[in-house]
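For reference, the structure is listed below as structure tokens.
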């Protein structure tokens with residue numbers, strides 16, 4: 001388990017059982033497929049990126065149940081602002097903000113709500129559409145190449161282009 005995802009047992013013992021379970025599940029992001037992530041896992045990923053960026057742990061509001069915490073509400077708000085429930089896109093968005101908006105910036109974020117910025121979301125959507133745009137020189141993904149090879153389409157394309 002990544003050191004950044006581990007919590008000190010003395011700290012965890014100060015918390016309720018629900019919060020202890022919440023924080024202990026952070027390590028699931030290392031093994032669980034991204035498509036199966038829940039808000040808890042996105043918060044864990046955010047916390048990991050925050051720790052790597054600032055060198056400090058993100059502070060959580062440990063009031064009430066974790067499922068109704070401010071952080072869970074805010075990560076759901078980010079997904080709503082982004083207009084998706086796709087875990088892969090939400091993870092990519094979190095990474096994109098850290099890499100493009102915070103990397104060379106003096107900004108210091110204090111809340112997950114920073115990510116619910118509509119300007120960032122719209123800029124990310126444009127980035128995604130440009131990234132996923134297909135050109136004539138765009139190489140096919142491997143799964144399509146395998147299908148083409150199984151149908152012997154590559155041989156046809158190769159012969160038609162160079163004969």
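Here, each number is a calculation from the coordinates, and none is a lab measurement. The model shown is predicted, which means the values in this text are computed figures rather than measured ones. Positions of Cβ are backbone-derived with ideal geometry, glycine not excepted, and every protein chain shown enters the neighbour counts.
Checked against the criterion of being surrounded by fewer than 16 Cβ atoms within 10 Å (Cβ to Cβ), assigned to a helix (DSSP H, G or I) and touching a residue at least 12 places away in the same chain (Cβ under 8 Å), the candidates 127, 93, 50 yield just one match: 127. Of all residues in segment 97-118, count the ones that are surrounded by fewer than 17 Cβ atoms within 10 Å (Cβ to Cβ) and touching a helix residue (DSSP H, G or I) at 6+ places or on another chain (Cβ under 7 Å). Residues flagged as surrounded by fewer than 17 Cβ atoms within 10 Å (Cβ to Cβ) and touching a helix residue (DSSP H, G or I) at 6+ places or on another chain (Cβ under 7 Å) within segment 97-118 amount to 3. Residues that are within 14 Å of residue 67 (Cα to Cα), touching a helix residue (DSSP H, G or I) at 6+ places or on another chain (Cβ under 8 Å) and free of Cβ contacts under 8 Å to residues at least 40 places away in the same chain within segment 1-20 comprise just one, 20. One residue stands out in segment 81-90 among those that are in contact (Cβ under 8 Å) with a residue 12 or more places away in the chain and loosely packed, with under 14 Cβ neighbours inside 10 Å: the one that is farthest from residue 126 (Cα to Cα), namely 88. Across segment 35-44, a minimum of one residue is classified as within 26 Å of residue 129 (Cα to Cα) and not in a helix (DSSP H, G or I).
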